[in-house]
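First the structure, in the form of structure tokens, and then the observations on it.
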Ligand SMILES: [Mg+2]
């Protein structure tokens, strides 16, 4: 098996659960420090800076914000490539609004894109506005990520399950009869942005994640090597969904370091 040129890492369920650091996370990040890597998350709520600050707050080595790619950032970059200077109407958290505002212009009356992500703001009025932009003005319906629910630790440190982008975009899709276009995992756009950022081909990357349906299935479809860690949403012993075949299927990060160190001698700093 070819030694990967770069590593993409999911975070929640891999490195931490909310505010709880998972076993071996710090050691793992030290071991891959000199290998090109970046952190990819479907969660559009936190900005890259807030994600980096979260690492520091729970005692992990702090990544450069440029090494973090959220679905909000990938959505903004994709819309700018589709339509430079795009106009949008967005429903979601601050992180989504900030990312979109950097590359586009908010325009609730003439938006070309109705963009939905996790966060507050969905009510009858926003649904009505988005619906009319789609059915009357031909706006495209875009969603940051298809997750039905996501894990999040609020600023109070309490772990919650939040409705995901896939749940929040559903009323717009049902009301308009238009299928949303998704950016986050398992769709390719977030992965592709990470590869572009790292200047590597997808086939030269390995993706590490805790969800077979998004992290592993999406990366596998792009020809990446894949590692499933069963420390998050997918518990040890559960049967993999049909067609999902991670190259490594391990309990946690220490086990992944051990198998990688055998597979790729000298690749990891300090060995396993
Ligand atoms: Mg995860």
> Short version: what are the Cα gyration tensor semi-axes of segment 107-204, square root of 5 times each eigenvalue, largest first, in whole Å?
Replying inline: 26, 21, 11
> At q = 0.10, 0.11, 0.20 Å⁻¹, what log₁₀ I(q)/I(0) does a Debye calculation on the Cα points of segment 123-272 give, no solvent, two decimals?
Replying inline: -0.48, -0.57, -1.26
>> Helix 71-82 against the longest principal axis of the chain: what's the angle in degrees, Cα atoms only, rounded to the nearest 10?
In response: 60 degrees
> Of 132, 43, 145, which has the largest mean-square fluctuation in a 10 Å C-alpha GNM of the chain?
Replying inline: 132
> Want the number for residue 242 to residue 30: 0.36 nm per residue separation, take away the alpha-carbon distance, what's left?
Replying inline: 72.9 nm
> Counting DSSP beta bridges in the chain, what percent are antiparallel, to the nearest 5?
Replying inline: 20 percent
> Between 237, 119, 165, which gets the highest mean-square fluctuation from a Gaussian network model of the chain, Cα cutoff 10 Å?
Replying inline: 237
> How far is helix 124-137 tilted, in degrees, relative to the longest principal axis of the Cα atoms in the chain, given as a value from 0 to 90 rounded to the nearest 10?
Replying inline: 80 degrees
> How far, in degrees from 0 to 90, does helix 48-57 lean away from the longest principal axis of the Cα atoms of the chain, to the nearest 10?
Replying inline: 40 degrees
> Out of every Cα pair in the chain, what percent are spaced more than 22 Å from each other?
Replying inline: 55 percent
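Values quoted throughout were computed directly from the atomic coordinates according to the rules given, and no laboratory measurement underlies them. From a predicted model like this one, the values you see are computed outputs, not experimental measurements.
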